[in-house]
Amino acid sequence: MSLSITERLANGTVLGAEGYVFELERRGYIKAGPFVPEVVLDFPDAVRELHREFLRAGAEVMVALTYYAHREKLRDVGREADLEAMNRQAVRIAREVAREGDALVAGNVCNTWAYDPDDPATRRTVRAMYAEQLGWAVEEGIDFVISETNDYLGEALIALEVTRSLGLPAMVTLAPTQPDRTRDGYEYAEACRILAAEGAQVVGLNCDRGPQTMVPLIAGIREAVDCAVAVQPVPYRTDAAAPTMETLRSPAGERAFPVALDPFVCTRFEMAQFALQARELGVNYVGICCGAGPHHVRAMAEALGREVPASRYSPSMELHPMFRADVSAKDAAFLSTWNA
Ligand SMILES: [Zn+2]
């Protein structure tokens, strides 16, 4: 029998992989803007394939693609009637692929855009949205819940409460879009401390920041909680001037988010380095968010000392005609142009 998320975290680092919405948008299956995962019903094979790519690259958790598959968002694209089918099918696909390896299945909810800390009525709306999404997910079979990209601690606490009421372990992560605190005014470390005190098994950060600007936030969170910590940055080169992917700009000053971020993508080596750094800082669930490709995940897995199914095709530059030790005189002649 497969180990649970808490058992895996107790045994060592768990490797996660996300960014399904961005990657499937890039492949032409999701519309940028609304970012509703219509692909789950329209092209289930595309979802299955990306799960499988992350699984082969070493991801230990298949996250059901129910990100933004909530009532509010489906209304935007006129598919509210597909809500239940989309949620159920996303979990079924994740389960199917998880069984091809030894991965767990996570149900997934996120910020709803319906929450307003100053309007108590919105709490009921948000709770109902999470309850219906996670209710279907539980019926289809999930191992735990990831509530992510939370802008508000208040909204994150609702997801946690719903998850706990279903008797499932909860991983709750905040979206670090602001310099040091949630939109309802809690420092990230303090918000994580509260989530842990309220019963979350895993707390931390995901999305928005690249490794360079995410890593400095880790120590404070690690110090604030005794439970497991999760960190899943975006693989983009954010820096002090542009600490989040939303603030990255082209040389001409145009916003790169969300569909012109390509020039900022981290290499697999940068993400491998992040995985090691995160583990050293005491992160238990190391992952990657929007912008992730299977090559990043495999490099992270290998940096953590693992051989994964896709390692069979990891680079062997000693077999490249131009880089091999016994490069022929004919091929070596090309090197002068490559080095120019
Ligand atoms: Zn993301």
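The values are calculated or read from the model by the stated rules, or taken from the named source; none is laboratory data. What you see is a predicted model; the values in this text were computed from it and never measured. Methodologically, a virtual Cβ is constructed for each residue, glycine included, from the backbone with ideal geometry; neighbour enumeration extends over all protein chains shown. The area values use the complete protein model at the heavy-atom level, side chains included, leaving out ligands, DNA and RNA. Shrake-Rupley method; radii C 1.70, N 1.55, O 1.52, S 1.80 Å.
Taking every protein chain into account, the accessible area of the chain amounts to 44 square angstrom per residue (probe 1.4 Å).
The tail of the calculated P(r) for segment 98-173 beyond 15 Å holds 51 percent of all Cα-Cα pairs.
Within the chain, which DSSP H helices have Cα atoms that stretch 24 Å or more along the helix axis and a mean Kyte-Doolittle hydropathy of at least 1.6? Going by DSSP H runs, there are no hits. Of the accessible area of segment 80-133, with the probe set at 1.4 angstrom, what percent is carbon plus sulfur? Solvent-exposed carbon and sulfur of segment 80-133 make up 47 percent of the total.
Using r as the Cβ-Cβ distance of residue 99 and residue 254, and R0 as 35 Å, what FRET efficiency do you calculate, to the nearest 0.05? According to the calculation, E is roughly 0.20.
For the chain, the mean residue ellipticity at 222 nm estimated from helices alone is -12000 deg cm²/dmol, where every DSSP H run of n ≥ 4 contributes -39500 (n - 2.57) and the total is divided by all residues, rounded to the nearest 500.
At 0.36 nm per residue, minus the direct Cα-Cα distance, what do residue 10 and residue 124 gain on full extension? Give it in nm, one decimal, please.
Numbers: separation 114, 0.36 × 114 = 41.04 nm, distance 3.50 nm.
Length gained, residue 10 through residue 124: 37.5 nm.
Of the Cα atoms belonging to segment 243-319, the radius of gyration and Dmax stand at 14.9, 42 Å. Taken over the Cα atoms of segment 183-330, the convex hull encloses 157 Å³ per residue.
Computed over segment 1-133, the alpha-carbon pair-distance distribution with 5 angstrom bins reads 2, 11, 20, 21, 18, 13, 10, 5, 1, 0, each value a whole percent. Classify the chain as rounded, prolate or oblate, taking a ≥ b ≥ c as the square roots of the eigenvalues of its Cα gyration tensor: rounded when a/c is under 1.5, otherwise prolate if a/b is larger than b/c and oblate if not. Prolate. Once the Cα-Cα distance is subtracted from the 0.36 nm per residue extended length, the residue 269 to residue 323 segment shows a gain of 17.5 nm.
If packing is taken as the average number of other Cβ atoms within 10 Å across a peptide's residues, how do 262-275, 238-251 rank, most packed first? Working shown, then result.
Numbers: 262-275: 18.3, 238-251: 16.1.
Ranked from most to least packed, the peptides come out as 262-275, 238-251.
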